[in-house]
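Engineer: Below is one structure. I have some questions about it.
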């Protein structure tokens, strides 16, 4: 793993999963993991296994739902998709994230 | 709501975890398969593709573990696992497990049993509204203060105070009474009850289950033939018949209409009109309530007829002290306005304190004693736990080395103690059940004892105590041991020594705590027991052996129905003559019984308190009202002094001469000296009931009222006013079982219509012993706790020594090999016990100094700093400590150096 890869920040993984499902529709765990790696331009060091607890967390909250289905290679896999509350939640989570990002950014702008 | 949803989902998952695990594995397999397929598509070999997929996934096991933690109730699973493991561990060491469970069960059981009593007697609210606002008031008379600091109430004063006081809402007046009750078809039964003013139940705030309370106009002769009965009496006399209202009960031979039935939970504690005697007499609950009708004299007299007890409800927000200030003020103002010749006052007592005030301290003392026994039991438990932990050091260390977290190790200990605590709690409930039964039988004389039962909250209390102590005293030693580093514990035995030495030191502290508690408990016990012995061995000046008592209750109308006739007729009215004849004939027949040396009669069962106190007035030598000496009144028959074994010091006993002219009196020495200082009282007269009585004799003082009080008594011949409840007494060396039925038969052969209650057919010896029942109960319980504490201390000391000897066996081996003598070795072992024991004794002495201060008021003529009590307690403890150390000592001396060194 490259030195310039960073670990996934606690809590951001949830938002990444939600956004992925929003843009891609129903997707299995491997698909979600791959998509996140691709979108991040391979700068994230993601143990693919870690997305499963995240998926479970979202499922427990009722933001996503899961169903068994067939993959494009005809492998039986569990497919995740956004629920209605999940869709609404994305907006809230996005706002939250932007506020945090903006706050951090303010610290990063050095007042030279 | 999110958390609820998550919790629900977790709970659901917990119960479907097997299926979900399978699903998860399937999902992970799909993940790896999909990744492998993709890698192959990009040109990797199947082998390489699978490895890459697994690497990118990053640890299947960790992912599964995190997932599971997130999914279900992981702690519950772990907990179940811990419990299973703990169960197996405990089964492997049955000795430890049984000892621990028994210790807990005994400790918690005793505490629960005693607390059940404390709760019912002292803490449980009374079965009426706002019992905290109910007070009792009594009166004081400065002129009588030296003999009776507080008097019962005078009816006239009650009416006045009730009418004028603003601090009270209402006040009821009452008198205790025994009734002979029947439904008219069966034999009469003696029931305790109260004669009450009509507002009694409204003052208490109690509503009838059925029917009504008395109305104001029922408190007068002719209208008073009505009765309110309790739920048990309703069951007993009417079998709970709904139509019992309006039916009649024969009470003392007269028909009374039942107008009200009290609710099932209603209980009124036993009270006494006399102050400070709430616990005297029967503890049967009051079951019969009838209207109180005052006599003309009671309604008008200002300076006498203090025959009642007043119960009042305070206005909201008013304290008993405020009420006392107001009532006392009113009493004094009125007395001054009416030119009353004596100085009156009022004292107020909260109801609860009136009923249980005297029982409070002894009960709390017992509670403290039983708690200290529990503490000692806990210390032993902690000791056991320490030994057990130490024995399992290597196992614990191994588990720690294999990666078990501290929390997880502690959880294991917790599970073990949870199991022990639960089992102990179950045992404690059983012990508490038995304990409560024993206690209620042993101390039926305490107030409210009839309310004591082992309730569900009490069982929860037993379980709670057991769990709490087992966990607290299991976890604390575990914390200490878990601090041991894994590597040091895994090293050889001798390297462990330092760690174990530390454990030994904390065990020493535990023993010191035990010894301290034991010393304090023993000293207090010794004091209380000595005080009890003092009461028993008190010079009583009467001879209680071979005397049998039988009380007859002359309550049929032909005997006068318990009512005194008008003053002019005293002793000469037809009813009095009936009683006179009954007593005369009974005495003749009793004297004729074979084996009977002497028979007589008295008006009060000895040692059941006072009957009535009167001023001894001399017509020839008037003294100011405040300085009239007083004495207790007794009506007796000839031969009384012979039966009781009380010497007559001067003059003579009553005989047939008094039958013709009953105006004679015998004084006890004390009152003789007080009323006739420096004179010979024989031949002088005293005035009583408006008539003059000639002093014909002086008898020795005897404690016939109460073993603890040396009261002055004056005796009148029973012919003067034959008592309604004559107590026949017989001196005979025949056994009580033979005498009792014979006396009853004799009484019935003379008068079949009198009742002879079983409870009043007793030997004087058992009456004496009954009169000190509370003291005996306290002494017995404390002694058993004291012995228990000694046993526990012995166990504790033995444990410490045995452990330290086992630990130092190699050391002793070396010492013996190097030529150490037995004496030196013995000193070494004993030093291990001596330090904690000595420390404990010092601490225990300090502790007992505090405790003695607190119980001082419970001691009867016993010095609080009693060298005997302290010396005996310390001797007992040292002896036990020595005994406990003998076995380990023998083991140390028997160490075979060769074997000890080889074991190393």
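Engineer: Once the Cα atoms of helix B:155-164 and of chain B are each reduced to a long axis, what angle between those two axes, in degrees from 0 to 90 to the nearest 10, is obtained?
Structural biologist: Once rounded, one gets 60 degrees.
Engineer: Still on this structure: What ranking do B:88, B:558, B:731 get, fewest neighbouring Cβ atoms within 10 angstrom at the top?
Structural biologist: Values: B:88 9, B:558 14, B:731 20.
Ranking B:88, B:558, B:731 by Cβ neighbours within 10 Å, fewest first, gives B:88, B:558, B:731.
Engineer: Hey, what number do you get for chain B at 222 nm if only DSSP H runs of n ≥ 4 count, each worth -39500 (n - 2.57), divided across all residues, to the nearest 500?
Structural biologist: Working: 28 runs with 488 residues, N = 904.
Result for chain B: -18000 deg cm²/dmol, rounded to the nearest 500.
Engineer: Taking other Cβ within 10 Å of each residue's Cβ, how do B:765, B:224 sort, fewest first?
Structural biologist: Values: B:765 14, B:224 19.
With the fewest neighbours first, B:765, B:224 line up as B:765, B:224.
Engineer: Let me ask something else about it. Taking the alpha-carbon centroid of each part, what is the distance from the range B:838-855 to the range B:661-719 in angstrom?
Structural biologist: So the separation of the two Cα centres works out to 48 Å.
Engineer: Roughly how crowded by other chains is peptide B:219-228, in terms of the mean Cβ count from those chains within 10 Å of each of its Cβ atoms?
Structural biologist: Details: counts 0, 0, 0, 0, 0, 0, 0, 0, 0, 0.
Mean partner-chain Cβ count within 10 Å for B:219-228: 0.
Engineer: Quick one: which of B:734-740, B:27-33 comes out on top by average Cβ neighbours within 10 Å, and what's the full order, highest first?
Structural biologist: Values: B:734-740: 15.7, B:27-33: 19.4.
The most tightly packed comes first, giving B:27-33, B:734-740.
Engineer: Need one number: nm distance between label points at residue B:159 and residue A:94, each 7 Å from Cα along Cα→Cβ, rounded to one decimal.
Structural biologist: 9.3 nm
Engineer: Between residue B:341 and residue B:689, what length comes free when the chain is fully extended (0.36 nm per residue of separation minus the Cα-Cα distance, one decimal in nm)? Could you put the intermediate results ahead of the total?
Structural biologist: Details: separation 348, 0.36 × 348 = 125.28 nm, distance 1.88 nm.
Length difference between fully extended and current span is 123.4 nm.
Engineer: If you take the Cα atoms of chain B, find Rg, then find the Kirkwood Rh from the mean of 1/r over all pairs, what is Rg/Rh? The partial results should precede the final answer.
Structural biologist: Numbers: Rg = 37.9 Å, Rh = 33.6 Å.
Ratio value, two decimals: 1.13.
Engineer: Taking the mean number of other Cβ atoms within 10 Å as a proxy for protection, how do you rank B:596-608, A:26-38 from highest to lowest? Present the calculation step by step, with values, prior to reporting the outcome.
Structural biologist: Details: B:596-608: 21.8, A:26-38: 19.9.
In decreasing order of mean packing, B:596-608, A:26-38 become B:596-608, A:26-38.
Engineer: Another one. Using the number of other C-beta atoms within 10 angstrom as an exposure proxy, rank B:14, B:654, B:721 with the fewest first.
Structural biologist: In increasing order of surrounding Cβ atoms, one gets B:14, B:721, B:654.
Engineer: Something else now. Expressed in nm², what is the orientationally averaged projection area of the convex hull enclosing the Cα positions of the protein assembly as shown?
Structural biologist: Working: hull surface 264.8 nm².
With the hull built on Cα positions only, its mean projection is 66.2 nm².
Engineer: Where does helix B:574-592 land angle-wise versus the long Cα axis of chain B, in degrees 0 to 90, nearest 10?
Structural biologist: Approximately 70 degrees, to the nearest ten.
Engineer: Compute the long axis of helix B:456-482 from its Cα atoms, compare it with the longest principal axis of the Cα atoms of chain B, and write down the angle in degrees, 0 to 90, nearest 10.
Structural biologist: Value to nearest ten degrees: 40.
Engineer: Within 10 Å of each Cβ in B:25-33, how many Cβ atoms from other chains are there, averaged over the peptide?
Structural biologist: 6
Engineer: Can you pull the mean other chain C-beta count within 10 Å for peptide B:70-80? Walk me through the numbers on the way to the answer.
Structural biologist: Working: counts 8, 6, 0, 0, 0, 0, 0, 0, 0, 0, 0.
Mean inter-chain Cβ contacts per residue within 10 Å come to 1.
Engineer: Length gain on complete extension for the stretch residue B:145 to residue B:835, per 0.36 nm per residue less the alpha carbon to alpha carbon distance? Walk me through the intermediate numbers first.
Structural biologist: Numbers: separation 690, 0.36 × 690 = 248.40 nm, distance 5.48 nm.
Separation in residues times 0.36 nm, less the Cα-Cα distance, equals 242.9 nm.
Engineer: Given R₀ = 30 Å, what would the calculated FRET efficiency be for residue B:102 paired with residue B:265, taking r from the Cβ atoms and rounding to 0.05? Display every interim value, and only then the final one.
Structural biologist: Working: r = 37 Å, r/R0 = 1.24.
So the FRET efficiency works out to roughly 0.20.
Engineer: What is the distance in Å between the Cα centroid of the range A:54-112 and that of the range B:727-754?
Structural biologist: Distance between centres, Cα-based: 98 Å.
Engineer: Packing-wise, with mean Cβ within 10 Å as the measure, how do B:345-352, B:396-403 rank, highest first?
Structural biologist: Details: B:345-352: 20.4, B:396-403: 15.0.
Highest mean packing first, the order is B:345-352, B:396-403.
Engineer: Need the full-extension length gain, residue B:55 to residue B:744, defined as separation in residues times 0.36 nm minus the C-alpha distance. One decimal, nm. Can you show the working numbers first?
Structural biologist: Numbers: separation 689, 0.36 × 689 = 248.04 nm, distance 10.28 nm.
Answer, rounded to one decimal: 237.8 nm.
Engineer: When the Cα atoms of chain A are enclosed in a convex hull and the volume is divided per residue, what value in Å³ results?
Structural biologist: On the way: hull volume 13.2 nm³, N = 112.
With only Cα atoms used, chain A gives 118 Å³ per residue.
Engineer: Beyond 19 Å, how much of the Cα-Cα pair distribution for the range B:685-795 remains, as a whole percent? Could the numbers behind the result be given before it?
Structural biologist: On the way: 4174 of 6105 pairs.
Cα-Cα pairs of the range B:685-795 separated by over 19 Å account for 68 percent.
Readers should treat all values here as calculations from the given coordinates under stated rules, not as data from a laboratory. Because the structure is a prediction, the values reported are computed rather than measured. In this analysis, Cβ positions are derived from the backbone assuming ideal geometry, glycine residues included, and neighbour counts consider all displayed protein chains.
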